[in-house]
Amino acid sequence: MPAIAVVGAQWGDEGKGKVVDLLAEKVNMVVRYSGGNNAGHTVMNSYGQFTLHLVPSGIFHPQVICVIGNGVVVDPKALLQELKDLQGHGVASDNLHISDRAHLIMPYHILLDTLEEKARGDSALGTTQRGVGPAYVDKVARRGIRSGDLLDKEIFRHRLSIALDYNNTLLTKVYDVSPLSLEDIFEEYYRYGEQLASHIESTELIIHEALANGKVVLLEGAQGTLLDPDFGTYPYVTSSTPVAAGASVGCGISPSQLQGIIGVYKAYTTRVGEGPMPTELPDETGELIRERAWEYGATTGRPRRCGWFDAVLGRYSTQVNGFTSFALTRLDVLDTLPQIKICTSYEYNGVVLDYPPSTADALEKCEPIYEELTGWQSSIRDIRSFKDLPAEARFYVKRIEELVDCSVNLIAVGPQREESIQVLPFP
């Protein structure tokens, strides 16, 4: 059975956690394929409300095998705390597997992330300062430390000494701070390795075996397409590859094994951190959306910037990823609005664009061209069938389908798992 990817279609925070949690009951395996604990997937179910940073959102289903793939950078301290929190709510982690090829976030990565962001001053990117970017830098510079290295004391010490020599030079010579201790880091992280050893293995093998045996494998992305370092609003992007193409690389399977690619759009647009956002609403409407949806970062607590649905970027996301269908989340947040707008194109230097420019500077200067729709002004949280939605809500969803050139699969009308409308069969 081929795999199915769930991909963020905007700037992240689209509600992928809820979508994966909902679909996980129909699959055999969930694999997180990118990012680090800079991502936060909020899930509400019978166990309670959780913010998952590294653990795949399928963890709440005991029958589902959960995998942290090779494309993820793992902070072992953060992961152990997350597992402890889950276990405290009765959620077992026996079914969690960690790729021995996944790179580790080390203390010097976190420190460098903070120092680098501070040094940027007014040009700061708005990173979460969790060390994710510097960890990916070490990965591509071939001095990274992988989870499998923790299982051998001699290998771990050797690789750590190489990485720390380089990073201590940066810390002392560039940022004028004290060097970090090799022994302290070695002892701390080797203990983490002992605690995680039973979970660490060559996960690409169990993924291949599952696919060969006809199992359904769901690939869970982090962040969103518009934060991709190639196709996002560079340089205000993340360091991993959140697009669908990153799913195969991030877990070790062929792109030909992807049968479905489900994009996740929020019914409006949000963004955390710096960078252009053409439809941002720095007014009462934006504040109303933020407070109704409690749009604050699951990882940092920062208020999210809110705005109307941007169909220009939505259509671009469909093209980049090749979505076979999409999930639309948070539709209920718009319940009270008398009028709702959709950005259908941009005006840039007197020219109308239906495709976003490639530079952040140009996108910053784009003025959205809106289409105004009538709101439904009634609660939809108890509705479980598309035909039962108010006519105005159905029209809004259908218009988004037309503009992004993709069919809706799932509509979330509330945060709870059951507050959903299945429009198309899965997958």
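Assorted remarks:
- Inter-part distance, region 349-397 to region 209-271, computed on C-alpha centroids, equals 23 Å.
- Average accessible surface for region 3-67: 22 Å² per residue, computed with a 1.4 Å probe over protein heavy atoms with every protein chain in place.
- Loop-located chymotrypsin sites (Phe, Trp or Tyr not before Pro) in region 309-379, at most 15 other Cβ atoms within 10 Å (DSSP): none
- 5 angstrom amide H check on Gly126, placed H, neighbours 5+ away: Glu274
- For the residue pairs Lys266/Lys387; Lys16/Lys215; Lys16/Lys139; Lys84/Lys215; Lys365/Lys398, the alpha carbons lie more than 24 Å apart in Lys16/Lys139; Lys84/Lys215; Lys365/Lys398.
- Size of charge dipole - the chain - debye, nearest 20, with Cβ of Lys, Arg +1 and Asp, Glu -1, no other charges: 560
- Per residue accessible area of region 284-373, 1.4 Å probe, in Å²: 44
- Accessible area (Å², per residue) of region 163-203, counting only protein heavy atoms and a probe of 1.4 Å: 56
- Computed from backbone phi, the HN-Hα couplings of region 337-345 come to 7, x, 10, 10, 10, 10, 7, 9, 6 Hz, rounded to whole numbers (Karplus: 6.51 cos²θ - 1.76 cosθ + 1.60, θ = phi - 60°; Gly and Pro given as x).
- Relative pair counts by distance (%), Cα atoms of the chain, 20 Å bins: 27, 56, 16, 0
- Per-peptide average of other Cβ atoms within 10 Å, ordering 12-19, 335-342 highest first: 12-19, 335-342
- Using the Karplus relation 6.51 cos²θ - 1.76 cosθ + 1.60 with θ = phi - 60°, the per-residue 3J(HN,Hα) values for region 205-212 come to 5, 6, 5, 4, 4, 4, 5, 5 Hz, with x marking Gly and Pro.
- Overall, the accessible surface of region 88-203 at a probe of 1.4 angstrom is composed of carbon and sulfur to the extent of 49 percent.
- Using the Karplus relation 6.51 cos²θ - 1.76 cosθ + 1.60 with θ = phi - 60°, the per-residue 3J(HN,Hα) values for region 254-261 come to 6, x, 5, 8, 7, 7, x, 10 Hz, with x marking Gly and Pro.
- Residues with amide H under 5 Å from that of Leu219, placed H, sequence gap 5 or more: Ile4, Ala5, Val6, Val31
- Sequence-distant contacts, meaning Cα pairs under 8 Å at least 6 residues apart, place the relative contact order of region 165-280 at 15 percent.
- Close amide H pairs (under 5 Å, H built 1.01 Å from N) link Leu258 with Ala3, residues at least 5 positions away or on another chain.
- Think of region 275-391 as having a plus end and a minus end, set by charges on the Cβ of Lys, Arg, Asp and Glu; of Thr279, Thr318, Thr359, Thr318 sits farthest toward the positive end of this dipole.
- DSSP beta bridges in the chain [antiparallel fraction, %, rounded to 5]: 40
- Alpha-carbon Debye profile of region 293-395, log10 I(q)/I(0) at 0.23 Å⁻¹: -1.29
- Take Met44: with every protein chain present and a 1.4 Å probe, its accessible area is about 50 Å².
- Accessible surface of region 1-84 [probe 1.4 Å, protein heavy atoms]: carbon and sulfur percent: 51
The values are calculated or read from the model by the stated rules, or taken from the named source; none is laboratory data. Just so we're clear, the structure is a prediction, and the values are computed from it rather than from any experiment. Positions of Cβ are backbone-derived with ideal geometry, glycine not excepted, and every protein chain shown enters the neighbour counts. Only protein heavy atoms, including side chains, enter the accessible area calculation; ligands, DNA and RNA are left aside. Shrake-Rupley method; radii C 1.70, N 1.55, O 1.52, S 1.80 Å.
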